[in-house]
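The values are calculated or read from the model by the stated rules, or taken from the named source; none is laboratory data. These figures come from a predicted structure and were not determined experimentally. Counting neighbours? That spans all protein chains shown, and the Cβs are built from the backbone with ideal geometry, glycine included. When the accessible area is computed, the model is the full protein with side chains, heavy atoms only, and any ligands, DNA or RNA have been set aside. Shrake-Rupley method; radii C 1.70, N 1.55, O 1.52, S 1.80 Å.
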Amino acid sequence: IDTIVNPVNPEKNLYISASVSSTLSCVASWGIDDATVNMSSVARTPLSVAIPSLANNYALFLVLAAGSLAPRVEYTLSLSCSGVVNSILVQANGPPIKGVFQVSPVVGTELTTSFYMATQLWDDVHIPITYQFEYISLQGSSMVVQMRSELSSGYSSLPAGSTDLNNNITCRVRAFDS
């Protein structure tokens, strides 16, 4: 099995390649050590392939669908043929663990008050962590007030929220690992 760069993005297809050399014919089969992953439904390539006798570097491929691996979980994928098993460790990346986000003041005047947004205590092994500050528009879209950067705080004016929500507006931070 060829090496892969860990961690992998679980929101994208996972591509693994391998080669089999055998003097006897066999059936090469892919497997995973986690019963919660239904390989039959997430594999986009055959899980078993007949290998002819005298095969030399017979190429095999495994593609797992995006979203089939859970974030922050390690998996062992294996390829077996005639009792010989080769495996590879796959680490699924995950977003930074949630920190704290605060906006102050909590009351202000639309497009006039300078609101201070700050976040802290995020954790992830893949540093640096970057942040993007946003608010949710009346139409439900995310509107960026501070582009993604390593800055963990910033100032912005904000529009008024919906009158149905007492003119409140939802602000949020998105944290990303490297």
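Key figures
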{"read-out": "FRET efficiency, 1/(1 + (r/R0)^6) with R0 45 Å, evaluated for residue 178 and residue 25 via beta carbons", "value": "0.45"}
{"read-out": "Karplus-derived 3J(HN,Hα), 6.51/-1.76/1.60, for each residue of region 92-97, Hz, glycine and proline x", "value": "8, 6, x, x, x, 6"}
{"read-out": "For residue 32, residues with placed amide H under 5 Å, excluding near neighbours", "value": "78"}
{"read-out": "Phi-based couplings in Hz for region 162-177 (Karplus 6.51, -1.76, 1.60; Gly and Pro marked x)", "value": "5, 5, 5, 10, 6, 6, 6, 10, 8, 10, 8, 10, 10, 10, 10, 8"}
{"read-out": "Helical mean residue ellipticity (222 nm; -39500 (n - 2.57) per DSSP H run of 4+; nearest 500) of the chain", "value": "-500 deg cm²/dmol"}
{"read-out": "Rg(Cα)/(2.2 N^0.38 Å) for region 81-128, N = residue count", "value": "2.33"}
{"read-out": "Accessible carbon and sulfur surface of the chain relative to its total accessible area, %, 1.4 Å", "value": "53 percent"}
{"read-out": "Derived scalar couplings ³J(HN,Hα) [region 34-42; Karplus, 6.51 cos²θ - 1.76 cosθ + 1.60; whole Hz; x for Gly, Pro]", "value": "10, 5, 6, 9, 7, 4, 4, 9, 9"}
{"read-out": "Disulfide-incompatible cysteines by the Cβ rule (no partner under 4.7 Å) in the chain", "value": "171"}
{"read-out": "Inverse of mean 1/r across different Cα pairs in the chain, Kirkwood, Å", "value": "19.8 Å"}
{"read-out": "Cα-only radius of gyration and Dmax that characterise region 42-97, units Å", "value": "14.4, 50"}
{"read-out": "Scattering curve values for region 107-178, log₁₀ I(q)/I(0), Debye with Cα scatterers, q = 0.15 Å⁻¹", "value": "-0.53"}
{"read-out": "Average accessible surface area per residue within the chain, 1.4 Å rolling probe, Å²", "value": "60 Å²"}
{"read-out": "Cα-based equivalent ellipsoid of region 1-66: semi-axis lengths in Å, sorted from largest, via gyration tensor", "value": "24, 14, 9"}
